[in-house]
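For reference, the structure discussed in these notes is given below.
The values are calculated or read from the model by the stated rules, or taken from the named source; none is laboratory data. Here the structure is a predicted model, which is why all the values come from computation and not from measurement. Quick note on the areas: whole protein, heavy atoms, side chains included, nothing else; ligands and nucleic acids left out. Shrake-Rupley method; radii C 1.70, N 1.55, O 1.52, S 1.80 Å.
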Amino acid sequence: AVLGEQKRWDMWRGLMAARREGLCDSIGVASFTQTHLEQLIARAPEVLPAVNQAEVHPRNANVDLVEFCQQKGIVVCAWSPLGLGAKMNLFEDPTLLAIAQRHGVSPAAVALRWLAQRNIIPLPRTVRPSRMRENLDVVLTPKFRLSDDEMADIYAMDEGRTVFPGARPDDIA
C-alpha cells in the first residue's frame, strides 16, 4: 500500500504522542528513504527517529542513506543484511569467499562484519541458536576486522539490488 507523505506524517505524529505519553522511550522508522526522512525532519526537527531500518547488504550498500542517517544521529539497522543469502548469491560470491577464507570465517560473518564496521546494526534472521551466537560474536566480540582494502572490495559489490525487486520504498512507505 502506498502511504504517501501525509500518512507517514500521521504515523510519526502518533509515535511522537506515544513517546510523550511515556509509552516508549525511543521511536523509529523502517524503509524510509532520505526524502522521507527529510520530509519528516522538516515538519518535526525537534524529534528525530532514533533508528531507520533499511535494506543494507553488500549488493545494496545504500551509501547515501546510511551517510545521511549517521550525520543526523539516526541509527541504521540493516534488515536482510545477508541479502537473503542465496537470493543474492552472497554465500558463493568470490569476493566474500576470498575474504572469509583469509579470516577463517563464513561469507555471512564477513558481510555482518562489514556492516558492523560501518556502524550499522545488522538484523540477520535465523532460527538456529548456533548461528545466533555466531552472528552476535561477529558484531559484539569480533575475532577479526576487515582491512580498508577488504571494506573497499565489499563496497565494490554494490549493485543497488534489492531483495524485493518489484518493491521500492516509495511504493510501500
When ligands, DNA and RNA are left out and all protein chains stay put, how many square angstrom of accessible area per residue does region 102-166 have with a 1.4 Å probe? 62
If amide H atoms are built 1.01 Å from N in the plane of the peptide, which residues on other chains or at least 5 residues away come under 5 Å of the amide H of V75? V51, N52
Which one of W114, W79, W12 has the biggest mean-square fluctuation once the chain is modelled by GNM with Cα springs under 10 Å? W12
Rounding to the nearest 10 and keeping the result within 0 to 90°, find how far the Cα-based axis of helix 4-20 lies from the longest principal axis of the chain. 90
Report, in degrees rounded to the nearest 10, the 0 to 90 angle that the Cα long axis of helix 34-43 makes with the longest principal axis of the chain. 30
For region 1-89, with all protein chains present and a 1.4 Å probe, just round the carbon and sulfur fraction of the accessible area to a whole percent. 52
Give the lysines whose C-alpha is closer than 23 Å to that of K7, dropping any in the same chain fewer than 8 places away, or say none. K72
For the Cα atoms of the chain, what angle does the longest principal axis make with the long axis of helix 129-140, in degrees from 0 to 90, nearest 10? 80
